[in-house]
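What follows is one structure encoded as structure tokens, with my remarks underneath.
No value in this document is a laboratory result; all are computed from the given coordinates. Note that the structure is a prediction, hence the values are computed from the model and not measured. Cβ atoms come from the backbone with ideal geometry, glycine included; neighbour counts cover every protein chain shown.
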Amino acid sequence: MNVDTYHITIESLAFGGDGVGTIEAPQSSLNGIRCFVPFSAPGDVLSIRIRHRGKRFVRGELLSIEIPSPNRTNPKCPHFGTCGGCQWQHIDYTTQLNSKSEILRQNLARIATIDVTPEEPIASPRVYAYRSRARLRSGENGRLGYHAASSHNVIAIDRCPVLTPDLEKRVIGGIESSTEFPHDSQFLFQEMGGNDHRVQWERIGNGGDEPIGFRQANEGVNKLLQNEIARFITQSEARVLDLYCGDGNLSLPLARQGCRVRGFDIATSSIKQANRLWRERSTDTHQVSYQRLDAMEAVKAMQQGAIRPFDAERPDVILLDPPRSGVGSEGMQALCTLKAQRILYLSCDPATLSRDLKSASAAGYHLLTVRAADMFPQTYHLESFAVLERG
């Protein structure tokens with residue numbers, strides 16, 4: 001056996017998509033070190049070559065599968081393995097779900113020092129044909145695709161089975177055939193939503209028209225999360241402060257049940273959409289209003305008394321759906337001074353969520369429950385939903 005070639009058994013999956021195992025080679029300096037291997041599955045016995053050496057881990061390249069894992073399945077996409085869009089199409093869905101829940105548990109234990117078993121993860125009603133929003137790039141020939149795995153090269157695609165049928169048909173078969181896309185540009189495509197399956201699209205970062213407002217990519221999981229949020233708001237007329245509110249995706253369903261809502265977001269298009277959606281139902285701006293303002297700037301203004309979203313009363317519930325970077329330790333400390341009884345936090349990064357929960361814990365909140373939600377089947381990406389309670 002070559003000095004840089006080893007046999008390894010994959011034990012688990014890591015955030016980022018790689019399988020993880022421990023090198024067992026008593027005669028090697030790498031004996032006992034953790035090894036990350038792309039496109040592997042828990043239970044695989046592999047022959048690998050070391051491609052990168054770090055201080056505490058190595059990265060391996062899969063040479064051959066000596067014994068395949070029973071958790072393996074056949075990918076549906078002909079581009080899987082070269083396209084970087086999906087990492088886990090070769091792994092059965094139950095293993096994907098359990099792995100995401102375990103990734104969440106490990107992050108909470110390591111970063112937040114919270115030892116908890118997450119609730120059963122929220123599964124996607126569809127594991128393919130679920131994605132109604134996607135970012136694609138144009139390659140040298142102007143064709144659309146995704147970045148190749150571990151590369152900035154663009155892989156042109158003629159199929160994408162994780163896209164909804166309407167989006168796949170329009171993006172790959174319709175828009176692409178009738179539009180000349182400039183080289184090396186990024187484009188956002190999304191369905192209009194609801195029963196409207198028309199596709200919006202725009203070039204990202206061109207400084208042109210108002211951007212398309214943010215919409216969750218998996219409508220089925222989004223509805224399940226809306227139901228989950230409602231489960232933890234017990235007052236029929238609760239005062240709900242929605243930070244990073246977007247188009248009111250999480251709070252408008254609560255408003256329709258009688259909650260008072262104040263939302264803040266920096267995106268002009270999203271705020272316009274949120275207010276428009278509410279006006280279609282009611283003209284009562286005392287019950288519901290959305291304002292264009294950075295979420296943390298809004299919190300600072302509330303601390304100073306410059307903004308009183310509920311007059312002299314504090315919010316009962318704070319909804320959080322921040323970007324991947326999270327709220328931040330300082331932001332969480334400021335937010336906790338508003339003394340809401342509950343904070344409902346939807347996160348797309350388990351590490352930044354764990355950091356923020358640690359800050360909330362120091363400010364007098366405890367974790368009531370937490371669970372993963374699978375917004376993106378066939379990938380390592382996961383949403384996490386956490387409920388914090390004061391006192």
Length gained if Glu102 through Ile266 is fully extended, taking 0.36 nm per residue and subtracting the Cα-Cα distance, is 55.7 nm
Pair Thr283, Glu119: separation of 7 Å Cα→Cβ label points (nm)
4.0 nm
Lysines within cross-link reach of Lys358: Cα-Cα under 18 Å, excluding same-chain residues under 8 positions apart?
Lys339
FRET efficiency for Glu237 and Leu368 from the Cβ-Cβ distance with R0 = 25 Å, rounded to 0.05, comes out at 0.70
Determine the percent antiparallel among the DSSP beta bridges restricted to the chain, to the nearest 5.
70 percent
Averaging the inverse of every distinct alpha carbon separation and then flipping it gives the Kirkwood radius. What is it for the chain, in angstrom units?
22.8 Å
Would you mind checking the radius of gyration and Dmax of the range 288-378 based on alpha-carbon positions, in Å?
13.8, 47
Please report the relative contact order for the range 1-134, taking Cα pairs under 8 Å with a sequence separation of at least 6, and give it as a percent rounded to a whole number.
17 percent
Using a basic spin-label model with each label point 7 Å from the Cα along Cα→Cβ, how many nm lie between Met192 and Gln27?
6.9 nm
Restricting to aspartates and glutamates and to Cα separations under 14 Å from Lys223, and discarding same-chain partners fewer than 8 apart, the set is Asp374, Glu383
Zone residues, the range 62-85, relative to Asp92, backbone N less than 15 Å from point 7 Å out along Cα-to-Cβ
68-75
Computed over the chain: longest principal axis from alpha-carbon atoms vs helix 219-231 long axis, angle to nearest 10 degrees, is 50 degrees
Counting all C-alpha pairs of the range 5-67, share separated by more than 17 Å (%):
27 percent
